[in-house]
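Shown next, in structure tokens, is the structure this report addresses.
The values are calculated or read from the model by the stated rules, or taken from the named source; none is laboratory data. Given the structure is predicted, the values throughout are model-derived calculations rather than measurements. All Cβ positions, even for glycine, are placed from backbone atoms using ideal geometry, and neighbour counts span all protein chains on display. Please note that ligands, DNA and RNA were not included when accessible areas were found on the heavy atoms of the full protein model with its side chains. Shrake-Rupley method; radii C 1.70, N 1.55, O 1.52, S 1.80 Å.
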Amino acid sequence: MPIYKALVRHSQGMPRSFHVPGHQYGRVWQKKWLEGLGAAEFESMMAMDATELEGLDDLHHPQGIIAEAQAAAAQLFGVDHTYFLVGGSTAGNLALILAHCEPGELLIVQRNVHKSILNGLTLAGASAVFLDPELDPRSGLAIGPGIRSLEAALCKYPQAKAVLLSSPNYYGLGCDLRPYADAAHRAGMPLLVDEAHGAHYGFHPAIPASALAAGADAVVQSAHKTLPVLTMGAWLHVQGTRVPRQALARALALLQSSSPSYPILASLDVARAMLAEHGAALFEPAVQLARRLRDHIGHALPQYELVEEDGLLEGQRLDPLRLTIAPRRGSGYALLRQLREHGCWAEMADARHVVLLVGIGTTAGDVDALLESLCRIAFLEPAGGESAEAQIDAAGLMRRHGEEIAEPVSFAPIAAVSANTTESVAIGAAVGRRAAHMLVPYPPGVPLVYAGERLTASIASVLQRMLALGGTVHGLVKIDGEWRVPVTSCAHNACKSNGDPRTGLIK
């Protein structure tokens, strides 16, 4: 653990700080400032927050302990190089797009990706062909595009620079990416994968294999989501020769802070060491606890419907540590609130589902408390009114084209819509207008509406139902107690009929 050990040695040397950061190893936080509020804990946390001093290396030009830690991670994951990220998977996604695309160049991207992918396309001024996701037949959740859809896009757009997919999704649904990697490679393109929710993949036989094992050329993982890593700690793995390594390094230097967090770097280093030493044993207790949860809910609590691997489309895989449940009465948002009132904090909810993560730190007592809470809630009157069956699900709206391959969509490198060409209107009044910004249910952070896309009555209805049930949608604004949609003003050319007639996206 070279980074962690170097920071410990540095801290134990009782250094006198005449440098940044301004808290000076936490010494600023005297008890008089935080009396009774955890001053000692706060000071301890700050003790390893250093800067690029001699012996502590430099993330943007690693030659010492950071280079050693990244090399150890690359060896563990079996790749040519691993970059440590202190800006989450967002930084990795942005960098991959900038490294592959000059303005106007084309990527093939699945439609239901995280908003960071759309931001990356905007920063690059790139164009994208979006592939509609398939839907899980039992839950109705949007998953990845079918392999035939990708092959058709590769045939139609051989000039594309890369294929960018996301797997697994927030609900733990992913797929075997080997056919996708093979198809991209036959077309002479790299496969880039946003594997933010799969940093633990490949380390236990019950957990799906990573996209790296399927032959992906670059994979971004949010290590902080499922491993003992501080928030914003992530990895970007690269293998093979299809990814332009120098362009990627330049993009990371452009996007990441010139004062990276050493505690985040150290936590990535420590987590890698834990994985290397313990491997599958690190996850075995969590796998068993998750299995116990599934068995109990499936057999003793018929009030909830579980997303299970049985019934998934061919090639689809389910993360066993991520439980997605749907109450048969009431909304997912209501169940999330009820669980919180019982002291159990779930990862996220949508109108229909609640997502629960079992981690390597989860205990049997945690599982007992969750099951007891679910049992008590099951016999209450449903909060939130509507039955799960009656709710409109947003996943189906991700399928904009059916079996067709969309036309390319251009993303302007500078905001195409300025403040004086937008207005905010009621959701119902926005039907037929073009959105000025992405509208993103959060979590999971997958845009329902892109900037420049024309809003339909179905989309407006889903937005209204989400808000009524207690959901959150980034991009909406609240004026005088009413949620409104920022749209382009009709005088602006983005309001004119110059978009794809099937999608409403500006080309």
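The table below lists the values:
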| item | result |
| --- | --- |
| Over segment 151-202: Kirkwood hydrodynamic radius from C-alpha pairwise inverse distances, Å | 11.8 |
| Highest to lowest packing among 1-11, 165-175, 300-310, scored as the average C-beta count within 10 Å | 165-175, 1-11, 300-310 |
| Restraint check, 115/161; 5/115; 161/225, Cα-Cα greater than 32 Å | 5/115 |
| Per residue accessible area of the chain, 1.4 Å probe, in Å² | 43 |
| Other-chain or far-sequence residues with amide H under 5 Å of residue 425's (modelled H) | 485, 487 |
| Label-to-label distance, nm, for residues given as residue 464 and residue 105 (7 Å Cα→Cβ offset) | 4.5 |
| Cα gyration tensor of segment 102-158 - equivalent ellipsoid semi-axes, whole Å, descending | 23, 16, 5 |
| Label-point separation in nm, residue 363 to residue 379, each point 7 Å along Cα→Cβ | 2.7 |
| Sites residue 399 and residue 281, calculated FRET efficiency, Cβ-Cβ separation with R0 30 Å, nearest 0.05 | 0.15 |
| For segment 278-374, the Rg and Dmax computed from alpha carbons only, in angstrom | 13.4, 42 |
| Computed over segment 59-195, the ratio Rg/Rh where both radii use C-alpha atoms and Rh is Kirkwood | 0.99 |
| DSSP beta bridge pairing in the chain, given as percent antiparallel to the nearest 5 | 70 |
| At 1.306 mPa s and 10 °C, Stokes D of segment 132-229 from Kirkwood alpha-carbon radius, µm² per second | 113 |
| Sequence of 375, 344 from largest to smallest accessible area, 1.4 Å probe | 375, 344 |
| Rg(Cα) / (2.2 N^0.38 Å) computed for the chain, rounded to two decimals | 1.01 |
| Total formal charge among the other residues, if their Cβ is under 11 angstrom from that of residue 214, Lys/Arg +1 and Asp/Glu -1 | -2 |
| Residue 42 - accessible surface, heavy atoms, 1.4 Å probe, Å² rounded to 10 | 60 |
| Inter-site label distance for residue 288 and residue 306 at 7 Å from Cα along Cβ, in nm | 1.7 |
| Computed over segment 178-290: relative contact order in percent, which uses C-alpha pairs under 8 Å that are six or more apart | 24 |
| Distance histogram for segment 242-293 (every C-alpha pair counted, 5 angstrom bins, percent rounded to whole numbers) | 4, 15, 11, 13, 15, 15, 11, 10, 5, 1 |
